[in-house]
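The values are calculated or read from the model by the stated rules, or taken from the named source; none is laboratory data. Note that the structure is a prediction, hence the values are computed from the model and not measured. As a convention, Cβ positions derive from the backbone with ideal geometry for all residues, glycine included, and neighbour counts pool all protein chains shown.
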Amino acid sequence: MIINVEEIMSLPEFKTMNERTVQRKLNSLEVLIRKYTNNNFQNKNIRFKADSVGTILNGFSSFLRVGDTVQITESKVNDGLYVVKDIGIRSIVVDKPLFTVAHNLVTKVEYPIDVVEGIINLMKWEVSNRDKVGVKSETISRHSVTYFDLDANNQVMGYPVSVLGFLKPYKKVRF
């Protein structure tokens, strides 16, 4: 996970929101950022092979902590992102069930601090501006407000280009 849901819920903009809704939005933003940048943010120095049963990966790295995100690849059925929930002597428990397979390549995912801060800003934009998308101007009595226009030239994936500027250094070329 890019950022802990409790950390987001502690901000005043999110206090009234449902925690499951915030978690769902965070998960979708994580996938969106990984797809948009074509960057998996993997730390390939923290990688190991493990078999899986239930929610347990029978493998270990001393560089993983509870709450870390790992990406499973090369398993054919378990590929995806998982959060470390518990660490045993020679095993790791993740947040979602795994299919029983003999080979999973497990790699730690680490997001730079500016990407984390950018996610917070995207979440704030989501709360304060999402309902205004499509409204170009608004007039009430003698008070007039003009919003920025979200057309194909100044938006990416439903967000203003200016809000996604923090991702530019992390974009990788697609082949």
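Of all residues in segment 6-54, those that are outside the structural domain of Val66 (by TED's automatic domain parsing), aliphatic (A, V, I, L, M) and closer than 17 Å to Lys96 by Cβ total 2.
Yes or no, residue by residue, for (1) without any contact (Cβ under 8 Å) to a residue 40 or more places away in the chain; (2) buried (at least 18 other Cβ atoms within 10 Å of the Cβ):
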residue: Glu13; (1), (2): no, no
residue: Thr16; (1), (2): yes, no
residue: Ile33; (1), (2): no, yes
residue: Tyr36; (1), (2): no, no
residue: Lys44; (1), (2): no, no
residue: Lys49; (1), (2): no, no
residue: Asn78; (1), (2): yes, yes
residue: Val84; (1), (2): yes, yes
residue: Val94; (1), (2): yes, yes
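Annotation: Ser61 fulfils all but one of (1) within 30 Å of Lys168 (Cβ to Cβ); (2) surrounded by 14 or more Cβ atoms within 10 Å (Cβ to Cβ); the unmet one is (1). Test Gly54 against the stated conditions and say whether it is of a type in the set (Gly, Ala, Ser) and surrounded by 14 or more Cβ atoms within 10 Å (Cβ to Cβ). So Gly54 fails the test.
Considering segment 129-164, and only residues there that are surrounded by 12 or more Cβ atoms within 10 Å (Cβ to Cβ) and part of a helix (DSSP H, G or I), the residue that is modelled with the highest pLDDT turns out to be Asn129. Yes or no: segment 64-71 includes at least one residue that is at pLDDT below 95, surrounded by fewer than 13 Cβ atoms within 10 Å (Cβ to Cβ) and more than 25 Å from Glu19 (Cβ to Cβ). No: zero hits.
Reported count of residues in segment 18-27, each being within 23 Å of Val106 (Cβ to Cβ) and without any contact (Cβ under 8 Å) to a residue 24 or more places away in the chain, is 1. Restricting attention to segment 3-57, the residues being within 13 Å of the chain's Cα centre (by Cα), hydrophobic (A, V, I, L, M, F, W, C) and over 28 Å from Ile89 (Cα atoms) number 7.
Only residues that are closer than 13 Å to Gly54 by Cα, touching a strand residue (DSSP E or B) at 6+ places or on another chain (Cβ under 6 Å) and surrounded by fewer than 16 Cβ atoms within 10 Å (Cβ to Cβ) were counted in segment 97-128, giving 3.
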